[in-house]
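Here's the structure we're looking at; comments come further down.
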Amino acid sequence: MKLVLNSEDLTSDFYEDARVLGIVSKYKNYKFIWSINQHLDLNFKMIPDYEIELPKKNKDCYFSVFQHSVKNTSIDYFIYQNYFEGEFLLPELKNIDFICLVKGDFSADQTQWRGFLDNLKSVSCIQMASEISLDQIKSKENLIF
């Protein structure tokens, strides 16, 4: 008997209590993350184990993932680089440079969510930040590490 992983169940579990933002910034990932950490007093760090490798057009593409966990809560922020050498982690969002995924209880609190979004928009390196409905993302499985 052959066992098959049900990717739909895995995807729905991963996105439970999650919200997604699309961010436009012309900064390179390291400078972008540094700027966010400085302006919002966060501590995003690159997580090499979470780096996403996708084969595209006969080459391997590597998309960096950065994480900030809020102490004593279940809240985790993840920022994904959406672009690597002409390829996209989420091809349906080619105009987006970074994807911010927020998981945990915070994602359900509308006041805190609005405050976070407003603070993020105030960072000078960010040209645009807006929420993206999970229904708009066709390749959700690409964000699962």
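Read-outs: derived from the displayed coordinates by stated rules, not from any lab. From a predicted model like this one, the values you see are computed outputs, not experimental measurements. Cβ coordinates were reconstructed from backbone atoms using ideal geometry, including for glycine residues, and neighbour counts include every protein chain displayed.
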Which length gain, in nm to one decimal place, applies between His39 and Glu85 when the Cα-Cα distance is subtracted from 0.36 nm times their residue separation?
13.7 nm
Length gained, Met128-Ser12, 0.36 nm per residue minus C-alpha separation, equals 39.0 nm
Given axes a ≥ b ≥ c from the Cα gyration tensor, I'd like to know whether the chain is rounded (a/c under 1.5), prolate (a/b larger than b/c) or oblate.
oblate
Separation of the Lys59 and Asn95 label points, Cα + 7 Å toward Cβ, nm:
2.6
How do Arg19, Arg114 rank when sorted from fewest to most other Cβ atoms within 10 Å of their own Cβ?
Arg114, Arg19
Helix-only mean residue ellipticity at 222 nm for the chain, each DSSP H run of n ≥ 4 adding -39500 (n - 2.57), per residue, nearest 500:
-6500 deg cm²/dmol
